[in-house]
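What follows is calculated from the coordinates using simple rules that are stated; it is not laboratory data. Not measured: the values here are computed from a predicted model. Ideal geometry is used to build each Cβ from the backbone, glycine not excepted, and the neighbour counts take in all protein chains shown.
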Amino acid sequence: MITFKNKHITIFQSPIYQTNSSVIETDDMILVVDPTTLPHEVVKIRDYVTRVRKDLPVYLFFTHSDWDHILGYNGIGEAKCIGAERMITREDKEQILAQITSFDDQYYLVRDYEVRYPHIDYVVNRDGQQLKIGNTTMTFYASTGHTDDSLFATIEPAGILLSGDYLSDIEFPYIYHSSHDYENTLNKVEDILLNHSPGLLVPGHGNLAEDCQEILRRKSASLAYIHELRSSLEEEDEERADMLLHGWRFPKVMGEFHKGNMALIREELQNAKR
């Protein structure tokens, strides 16, 4: 499962959606990010945390509440949880848990822990909010658009940027909440890079980036997708919109997400005319 490791971070990647789970080690704490996906993978992450934690406190950070990012909650052991305020107030928690149950049922998966929705101990409700543990500083930024409870986080002095389901090299934007919010989130990236100078980007899915130019390239590609999709739908040119799928791997499943994006942006355009 381990696809990357340095003195600060170990990346566990599941073959399911190439989903990344991170274990970040500092002198002050252990931070586990979005532990997932298959039962034995969660066990491997838990075992690793047990080996390296010593007497350090363990924190769980959830970049957002999509089912594939929260299903390892309660499977890692005792930890304080960090997440957006909207994760607490959302009203569809049971639907999210039902998605996990459906996934496990479909593949006859048995877990050694009870699947539950995360209890958030440290609530993030503003841009630039910080959590300091010793000499480790986590800085959080709202990243709405994909969902309404998404967060970016930087970890210093480790030089890590956690982007959740943004800035992936294997996915175009999956927009569940708002295309305009998604654009606003992407437009924060350059300032985050200037203010924090991260040396490593960890997206929720796909490959890491160790170069700011690659991060900015991903940002530009995501913005271009949104702008072109909106423009083609304004002109009612669905064939042009579907051209945006060309070149992406896994076209069957991505076609479904693309259709979802089209439906959401069409609704936004209709609402703008009212």
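For this structure, a couple of remarks:
- Computed from label points 7 Å out along Cα-Cβ, the spacing between THR3 and THR101 is 3.1 nm.
- Neighbour net charge for HIS40 - beta-carbon separation under 15 angstrom, K R +1, D E -1: -1
- Theoretical FRET efficiency, 1/(1+(r/R0)^6), r = Cβ-Cβ of SER231 and ASP112, R0 45 Å, to 0.05: 0.35
- Under the criterion of Cα pairs below 8 Å and six or more residues apart, the relative contact order for segment 46-194 equals 20 percent.
- Charge dipole (debye, nearest 20) of the chain; +1 at Cβ of Lys and Arg, -1 at Cβ of Asp and Glu: 660 debye
- Selection from VAL43, LEU56, LEU216 lying farthest towards where the dipole of the chain points positive, charges on Cβ: LEU56
- Debye equation applied to the C-alpha atoms of segment 61-195, log10 I(q)/I(0) at 0.10, 0.11, 0.12, 0.18 Å⁻¹: -0.35, -0.43, -0.51, -1.09
- Percentage relative contact order, the chain, counting C-alpha pairs under 8 Å, at least six apart: 13 percent
- Summing Lys and Arg as +1 and Asp and Glu as -1 over all other residues whose Cβ lies under 15 Å from the Cβ of ASN125 gives a net charge of -2.
- Spin-label model distance (nm) - ASP211 vs LEU269, 7 Å beyond Cα toward Cβ: 3.6 nm
- Taking ASP149, ASP92 and counting other C-beta atoms within 10 Å, the order from fewest to most: ASP92, ASP149
- Over the chain: helical MRE at 222 nm, DSSP H runs n ≥ 4 each giving -39500 (n - 2.57), nearest 500: -11500 deg cm²/dmol
- Sorted largest first, the principal axis extents computed over the alpha-carbon atoms of segment 154-198 equal 33, 20, 14 Å.
- Once the convex hull of all Cα atoms in the chain is built, its volume per residue stands at 130 Å³.
- When you filter the GluC sites (Glu not before Pro) in segment 167-274 for DSSP loop state and at most 16 other Cβ atoms inside 10 Å of their Cβ, you are left with GLU210, GLU235, GLU236.
- Taking a span of 18 Å or more along the helix axis (Cα atoms) and a mean Kyte-Doolittle hydropathy of at least -1.0 as the rule, the DSSP H helices of the chain that qualify are 39-52, 93-106, 212-234, 251-273.
- Within-14-Å neighbourhood charge of PHE103 [Cβ basis; K, R +1; D, E -1]: -4
- Sorting LEU161, LEU131, LEU245 from the fewest to the most surrounding beta carbons within 10 angstrom yields LEU245, LEU131, LEU161.
- Close lysine pairs were tallied over segment 2-211: pairs 8 or more places apart or on different chains with Cα atoms under 21 Å apart number 11.
- Each 5 Å bin from zero holds the following percent of Cα-Cα pairs in segment 124-274: 2, 9, 18, 21, 18, 13, 9, 6, 3, 1, 0.
- Each of SER220 and TYR122 was given a label point 7 Å from its Cα along the Cα-to-Cβ line. The distance between the two points is 3.5 nm.
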